[in-house]
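First comes the structure, then the notes that go with it.
Coordinate-derived values only; no laboratory data. Keep in mind that this is a model prediction, so the values were computed, not measured. Ideal geometry is used to build each Cβ from the backbone, glycine not excepted, and the neighbour counts take in all protein chains shown.
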């Protein structure tokens, strides 16, 4: 069972945090081409983390996902909300400070967007020095350049140019969708498919990492 920060009282958190690992997913809200919703990165990292916490042996508390990341490179395409890297770093450090002030001792940042990597790494390092937290940063486990799920079970439509090729698209590819045009016509199925088709080995890798 997942223990969510937002569902607990302050008294319960005070009891849990000293002996728990706080897990903070970090996502992004950015354009993903004409076929994916802008919260794709936030959705994927949150789903992977939740599934990992369901099977890990570690005692954990799941913090709310940081939805907006550093995505300035996507602003020219529209549909993007972005923080400057230094702003994201400040946000992550303030959250780490809050965890420490509430009695937490351990924090892991799970990043779901490439543009956040530098800020997450720097925040993890600085939190150790500033707040005495045992902190680390990792990225959402990713597949290879071509999804094995897609290549085994789906016909290959023409690969779109630019943002959102096979790697980000494949986990959201809905079951029963047999063509690119049909795929683009089914936004609700694409979102729902994330909870159905994210491969278990990604979650297992993260779950095995957490107790270490």
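Points worth noting:
- Cα→Cβ-extended label distance, 7 Å offset, between residue 130 and residue 10, nm: 2.3 nm
- Taking every C-alpha pair closer than 8 Å and separated by at least 6 residues, the mean separation divided by the residue count of the range 88-138 gives a relative contact order of 46 percent.
- Sorted by Cβ neighbour density within 10 Å, fewest at the top, the residues 137, 20: 20, 137
- Gyration tensor verdict on the range 20-88 (Cα atoms; rounded if a/c is under 1.5, prolate if a/b is larger than b/c, oblate otherwise): oblate
- With both labels modelled 7 Å from their Cα along Cα-to-Cβ, the residue 77 to residue 90 distance reads 2.8 nm.
- By the count of neighbouring beta-carbon atoms within 10 Å, fewest first, 134, 71 end up ordered 134, 71.
- Put in order of Cβ neighbour count within 10 Å, fewest first, the listed residues 1, 67 become 1, 67.
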